[in-house]
Amino acid sequence: MSKVYETVIGLEVHVELASKTKIFCGCSTAFGGAPNSHTCPVCTGMPGSLPVLNKQVVEYAIAVGLATNCSITQYCKFDRKNYFYPDNPQNYQISQLYLPICRNGGVEIETAAGKKTVGIHEIHMEEDAGKLVHDEWEDCSIVDYNRSGVPLIEIVSEPDMRSAEEVIAYLEKLRLIIQYLGASDCKLNEGSMRADVNLSVREIGAPEFGTRTEMKNLNSFKAIARAIEGERARQIELIEEGKKVIQETRRWDDNKEYSYAMRSKEDAQDYRYFPEPDLVPIVISDEWIAEIKARQPELRTEKLERYKKEFGLPDYHCWRHRRGSFFPCGGFAVSIEEFLLWQNNFGRAVSPRRSIPASTTSTLPSASTSG
């Protein structure tokens, strides 16, 4: 009798925040500038330069934590992660290991089997690295440090997902939450949202997790789904052949639909973390959290439930409108169905100004009303 396996998946999602300047200096975070034009001594790691924390980054991190049901660490600090790579000019990254800003959250996703909560282990702040550009014609690599120091949050999930479909549902939910907050544009094609997939397989019913591998910096949902299916098949094949799965970091080649080993998977001790000596701890007061919470917009799930309850919208129309902004029509009373028909056809099907019997209308808020 053949064995039946299940996939166990956790994600590390990196999100570039929407602040105008970098996390520890005043350089621009704008995408697409000329190489090395958005740099200074701080973000290029020059000796003697000192970081200064961007307050907006902390507020965005708190906002995302609140929206994903995390507890906020009111005394948190930064740590220094030591590693050597050409796109890392300081030879270390300022991150958070011991006291991340958000912990113990979760988001609810829709699956084929119904609703499911994916736990969030932590959210921490850190700085992004530069970008290596590989020139095959010249057979060399060049470095663009514009991205170095761009603020990131890393959202680390619990290993609660069991399929590519659940992973995509989780990522879509995170992206919508963060976009609603205005904390990031989450453009996968520009790298402002990217995911590392930690995956293992085990026999169904087995009490222990299998050996996991990590696939780095996947930046499209289709690539993530293909990488998960490919790595699942690779690990099952190794187990069936009596071989061991090695804990390692792998790179997914989406063109060849194959992953290859990059390096053995590091653990925290390999990075020789220690408290960041150039930054003081962050103390987050109850008042600061309350102020940020008061500015939070109504999120998509709550908005759609309200629309269904108040205006009787069917699920079809609710879920078609990703951002839920239904009412740019002034103070005119129109039926929900006719307004949506007019909106979807850019005004060609129905004019919102036409007279409609009162019995078939719902009075909509004016354009100045939020929501």
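The values are calculated or read from the model by the stated rules, or taken from the named source; none is laboratory data. Keep in mind the model is a prediction, meaning the values are calculated, not measured. Every residue, glycine among them, receives a Cβ derived from its backbone with ideal geometry; neighbour counts consider all protein chains shown.
Search the stretch 1-22 for residues being assigned to a loop (DSSP other than H, G, I, E, B) and over 21 Å from residue 128 (Cβ atoms), and hand back the single one that is modelled with the lowest pLDDT.
This residue is 1.
Please enumerate the residues belonging to the stretch 213-230 that are among the hydrophobic types (A, V, I, L, M, F, W, C) and modelled with pLDDT of 90 or more.
Start the filter on the stretch 213-230 by keeping residues that are among the hydrophobic types (A, V, I, L, M, F, W, C), which leaves 215, 218, 221, 223-225, 227-228.
Listed by number, the residues that qualify are 215, 221, 223, 224, 225, 227, 228.
Provide a single number: the residues in the stretch 193-221 that are part of a loop (DSSP other than H, G, I, E, B), surrounded by fewer than 16 Cβ atoms within 10 Å (Cβ to Cβ), in contact (Cβ under 8 Å) with a residue 12 or more places away in the chain and of a type outside the set (S, T, N, Q).
Summing the residues that are part of a loop (DSSP other than H, G, I, E, B), surrounded by fewer than 16 Cβ atoms within 10 Å (Cβ to Cβ), in contact (Cβ under 8 Å) with a residue 12 or more places away in the chain and of a type outside the set (S, T, N, Q) in the stretch 193-221 gives 2.
Matching residues to (1) part of a loop (DSSP other than H, G, I, E, B); (2) without any contact (Cβ under 8 Å) to a residue 12 or more places away in the chain; (3) over 22 Å from residue 22 (Cα atoms); (4) among the basic types (Lys, Arg):
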{"residue": "57", "(1), (2), (3), (4)": "no, no, no, no"}
{"residue": "62", "(1), (2), (3), (4)": "no, no, no, no"}
{"residue": "66", "(1), (2), (3), (4)": "no, no, yes, no"}
{"residue": "69", "(1), (2), (3), (4)": "yes, no, yes, no"}
{"residue": "80", "(1), (2), (3), (4)": "no, no, no, yes"}
{"residue": "107", "(1), (2), (3), (4)": "no, no, yes, no"}
{"residue": "110", "(1), (2), (3), (4)": "no, no, yes, no"}
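In the stretch 238-259, is there at least one residue being of a type in the set (Lys, Arg), in a helix (DSSP H, G or I) and under 20 Å from residue 188 (Cα atoms)?
Within the stretch 238-259 (the criterion being of a type in the set (Lys, Arg), in a helix (DSSP H, G or I) and under 20 Å from residue 188 (Cα atoms)), the answer is no, since none of the residues qualifies.
Check 130, 48, 33 and return the single one that is on the phi > 0 side of the Ramachandran plot and of a type in the set (Gly, Ala, Ser).
That would be 48, the only listed residue that is on the phi > 0 side of the Ramachandran plot and of a type in the set (Gly, Ala, Ser).
Kindly establish whether residue 39 is surrounded by 15 or more Cβ atoms within 10 Å (Cβ to Cβ), touching a helix residue (DSSP H, G or I) at 6+ places or on another chain (Cβ under 6 Å), of a type in the set (S, T, N, Q) and part of a strand (DSSP E or B).
So residue 39 does not fit the description; no.
Out of all the residues in the stretch 146-164, which are assigned to a loop (DSSP other than H, G, I, E, B) and either without any contact (Cβ under 8 Å) to a residue 60 or more places away in the chain or in contact with a His (Cβ under 8 Å, 6 or more places away or on another chain) (or both)?
Of everything in the stretch 146-164, just one residue is assigned to a loop (DSSP other than H, G, I, E, B) and either without any contact (Cβ under 8 Å) to a residue 60 or more places away in the chain or in contact with a His (Cβ under 8 Å, 6 or more places away or on another chain) (or both), namely 158.
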